[in-house]
Amino acid sequence: MFKPQMIAENVKNIQENIKTACIAAGRSPESVTLIAVSKTFNYNGIQEVIETGVFDIGENYVQEIVEKRQKIPDERIRWHFIGHLQSNKVKYIAEWVDLIHSVDNVNVAVEIQKRGAQLDRVVDVLVEVNTSGEASKFGVKPEETLELIQKISLHPNLRIKGLMTVGPFLPDPGQSRPAFQTLKRVFDEVNRAGIVQNPLVHLSMGMTHDFTVAIEEGSTMVRIGTAIFGSRKKFTSN
Ligand SMILES: *Cc1c(COP(=O)(O)O)cnc(C)c1O
């Protein structure tokens, strides 16, 4: 387990690395948001991150994000849902979630629209694209992304802010580059096609082992877990 003061140090290191990568890519460091991915870690870890001034928190599981928000009712936190989202779980987060990164089918979009309308709230979302072609990964295929966005952009209570992807987990982070380039290409296609009311602005791509490559390829949101909190325990029954 990482000690609290280590979390602060880790955040600082990551911020430095983000800044360096941005400058190298000729980008402003403010153009990339650091999302601290706290899945499987407890409240204390999130508290430590907040104390460093990072308020973007990412979680993968509905039950976990709901519990953590109840335990840490800090209005400054922006809650990002980054895991696979089942339609029947949308109701638990629709009222307060700041950004859902993982919309990849019409059904979940319809449910978000329904809950958003009931709450009189516009829910911000990203469309998750499977850029690596790995069967184990969620996300719409790149070549089907335009069509999906065309369908779901008609919903007034769901606002598509951009695209998200998970790179392939290969030894060399440079091997994620084609996946990130694919996401950027689809992003540009969507904006050129004029099928969204407001142009897409976000590319959520890059994790602990490949975020500098993602920044080179235009990422605006990096989702970092391990490099902040340490390695996660595997969920094995013992
Ligand atoms: C767990 C997770 C992350 C963070 O991964 P690390 O490699 O620990 O930084 C980012 N995005 C998604 C979708 C995740 O599930």
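We did not get these values from a lab; they are worked out from the coordinates using the rules stated. Keep in mind the model is a prediction, meaning the values are calculated, not measured. Cβ sites come from the backbone with ideal geometry, for glycine too, and all protein chains shown count toward neighbours.
Can you run phi through the Karplus equation (6.51, -1.76, 1.60; θ = phi - 60°) for the stretch 175-183 and list ³J(HN,Hα) in whole Hz, with x for Gly and Pro?
Working through the residues one at a time gives 6, 7, 4, x, 5, 5, 5, 4, 4 Hz.
Can you give me the P(r) profile for the stretch 130-238? Cα pairs, bins 10 angstrom wide beginning at 0, each as a whole percent.
14, 42, 30, 12, 2, 0
Return the subset of 68/91; 39/184; 89/184 for which the Cα-Cα distance in this structure is over 18 Å, preserving the input order.
Where the Cα-Cα span goes over 18 Å, the pairs concerned are 39/184; 89/184.
For the residues 68, 39, what sequence is obtained by ranking on other C-beta atoms within 10 Å, fewest first?
Ordered from fewest to most neighbouring Cβ atoms within 10 Å, 68, 39 come out as 39, 68.
Between residue 13 and residue 231, what is the FRET efficiency for a Förster distance of 22 Å, r being their Cβ-Cβ separation, to the nearest 0.05?
0.85
Determine, for each peptide in 214-226, 81-93, the mean count of other beta carbons within 10 angstrom over its residues, then list the peptides with the highest first.
214-226, 81-93
If amide H atoms are built 1.01 Å from N in the plane of the peptide, which residues on other chains or at least 5 residues away come under 5 Å of the amide H of residue 102?
Excluding prolines and chain starts, which carry no amide H, the hits are 126.
Could you calculate the contour length gain from residue 63 to residue 24, that is, 0.36 nm times the residue separation minus the distance between their Cα atoms, to one decimal place in nm?
Result: 10.1 nm gained on full extension.
Can you work out D for the stretch 7-229 in µm² s⁻¹ from Stokes-Einstein, where Rh is the Kirkwood radius over C-alpha pairs, the temperature is 20 °C and the viscosity is 1.002 mPa s?
Estimated diffusion coefficient is 122 µm²/s.
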